[in-house]
Amino acid sequence: MSNPIGSANISSNENEKILAAENKFEENLALFGLSLSSAQLAQFRKFYKNLVKWNEVMNLTAITEEEEVYSKHFLDSLSLVGLIPPRSFEKLTVIDIGTGAGFPGLPIAIAFPQVQVTLLDSLQKRVRFLEETAELLGLENVRVVHARAEDYARIEREREKYDIAVSRAVAKLNVLAEYCIPFVKKGGYFIAYKAERLKEEMEEGKKAVNILGGRVDQVISFTLPGTDYGRTLVQIIKDKHTSGKYPRKAGTPAKDPLGA
């Protein structure tokens, strides 16, 4: 696929910064019990360069400095291994709802090539970036879909078919639950990446989760290694099938959240 943006110019000084960011990234990943091969690190480097290049012409992320991208995007995306250890990632299917610039889905796909990852986003421009990035990185385990979650979850072959749904999208838990839980098979998980302060969301969020057939299993708050960034991961297990009423039509979950 051709890229309308052109080639990025990365100076030797910038490459040194990337190398330093990579080294710190490896050190911090070890705290999660995770290590990467040189080929995987090369994929992350290509991902970073392509992200910065595309970000010059469209708004993918406010974070572009090397060390911050590696910590607040790449490392943060992989922090879920604290909930589901790497040994459990054999042949799983994962869907990333509202993936944006590919977080957390693309880092998961790089770190766990045996996992099949679907990236779902409603903006065509971001989908083009994601498609090019997956091709550039040689990620055969990635599928990119242009759709709204409310519409895509009503397709029979996609509904309740995934082992794990993840989302770092900026929305309250009760809204994210309606977007994500319908994709999860019974016995599977929805993992929401939330900011450190979550108490005000949890009561309404738990109500919505229960309506959708889920149960809050774990809530883990921590400071992302090497940063002052507080993160909370909410792990929800799917106990029951989701009623065919959900998700409601596009736009409704955000306007009239469940449990509110």
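The values are calculated or read from the model by the stated rules, or taken from the named source; none is laboratory data. Values in this document were obtained by computation on a predicted structure and should not be read as measured data. Counting neighbours? That spans all protein chains shown, and the Cβs are built from the backbone with ideal geometry, glycine included. Ligands, DNA and RNA are stripped out before the accessible areas are found, and what is left, the full protein with its side chains, is counted by its heavy atoms. Shrake-Rupley method; radii C 1.70, N 1.55, O 1.52, S 1.80 Å.
Using a cutoff of 8 angstrom between alpha carbon atoms and counting only pairs six or more residues apart, the relative contact order for the chain works out to 16 percent. Listed values for the range 139-148 are Karplus-derived 3J(HN,Hα) couplings in whole Hz (6.51 cos²θ - 1.76 cosθ + 1.60, θ = phi - 60°), namely 8, 7, 9, 10, 10, 10, 10, 9, 5, 8, and x replaces Gly and Pro.
Charge dipole of the range 36-136 (Cα centre as origin; +1 on each Lys and Arg Cβ, -1 on each Asp and Glu Cβ, all else neutral): 180 debye, rounded to the nearest 20. Under the shape rule built on the C-alpha gyration tensor, where the axes satisfy a ≥ b ≥ c, the range 86-157 is oblate, since a/c reaches at least 1.5 while a/b does not exceed b/c.
Ranked by the mean number of other Cβ atoms within 10 Å per residue, highest first, peptides 81-93, 160-172 order as 160-172, 81-93. Relative protection proxy for 225-233, 201-209, 130-138, from highest mean packing down: 201-209, 130-138, 225-233 (other beta-carbon atoms within 10 angstrom).
Starting from the Cα of K161, draw a straight line to each of the lysines and keep only those under 25 Å, dropping any in the same chain fewer than 8 residues away. Excluding near neighbours in sequence, the set is K91, K172, K185, K186, K194, K206, K207, K238, K240, K245, K249. Report which label in (1) 23.9, 81; (2) 17.8, 55; (3) 16.7, 53 holds the value of Rg and Dmax of the Cα atoms in Å derived from the coordinates of this structure. Correct label, based on the coordinates given: (2). Its Cα centre serving as origin, the chain has a Cβ charge dipole (Lys and Arg +1, Asp and Glu -1) of approximately 1020 debye.
Taking all protein chains in place and a 1.4 Å probe, what share, in percent, of the accessible surface of the chain do carbon and sulfur account for? That fraction is 48 percent. Only one residue of F47, H73, L60 has its Cα farthest out toward the positive end of the dipole of the range 37-81, where Lys and Arg carry +1 and Asp and Glu -1 on Cβ, and that residue is F47. Farthest toward the positive end of the dipole of the chain, out of G105, G188, T242, is the Cα of T242, where the dipole comes from beta carbon charges about the Cα centre. Each Lys and Arg adds +1 at its Cβ and each Asp and Glu adds -1 at its Cβ; summed about the Cα centre, the range 151-238 shows a dipole of about 200 debye. The mean accessible area for residues of the range 91-207, using a 1.4 Å probe and ignoring ligands and nucleic acids, is 41 Å² per residue.
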